[in-house]
1. So if each residue of separation counts as 0.36 nm, and I subtract the Cα-Cα distance between E35 and R77, what length gain in nm does that give?
2. Over segment 21-143, what is the relative contact order in percent, taking alpha-carbon pairs closer than 8 angstrom and at least six residues apart?
3. Taking the alpha-carbon distance from K28 and a cut-off under 19 Å, which aspartates and glutamates remain once sequence neighbours fewer than 8 residues away in the same chain are dropped?
4. Stretch R92-D121 to full length: gain in nm at 0.36 nm per residue minus the Cα-Cα span?
5. Taking every DSSP beta bridge that has both residues in segment 21-143, what percent is antiparallel when rounded to the nearest 5?
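Throughout, read-outs are computed from the coordinates displayed, never taken from laboratory work. These figures come from a predicted structure and were not determined experimentally.
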Amino acid sequence: MADTFSPAKRSQIMAAVRSSGNKSTELKFIALLREAGLTGWRRKARVFGNPDFVFRKARVAVFLDGCFWHGCPRHLRLPQTNRAYWERKIQRNMRRDRRITRELRGRGWRVLRFWEHELADRQAVTRRLRAALRSRASAAERERGKPASPAKP
């Protein structure tokens, strides 16, 4: 199926698209956080790389990566039209994700990335998140010379 717009017009349309996050995925994650009783998180915090959620005190940044836009190896299905464009676009996104993760880790942050499809296994996501928060809390307490508090289930 041919595009109904000229390449210049399609470029103009696509350039005007601005992401405000995947609201339905973020809402699922918020429900998961509340169900698990996890507190101390913020959305849209001013942190390098614009993580979707931030636990500032624990220095944990959480990204919810959409399977299409971030190149999920399990679910990415590239469009048949303009395939070279989409391959380049997704590869750029993946390189940017790796660069942001590297930079945040270099600044002392723990970075968690969840594929949108992973949110279906709420227990696995909660376990990973709790483990990251516990390890960061334990490290911070060791730095201050306090014994690590016991981990919550």
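1. 11.9 nm
2. 26 percent.
3. The reachable aspartates and glutamates, counting only those whose Cα sits under 19 Å from K28, are D52, D65, E116, E118, D121.
4. In short, 7.6 nm is gained.
5. Looking only at bridges with both residues in segment 21-143, the antiparallel portion is about 45 percent.
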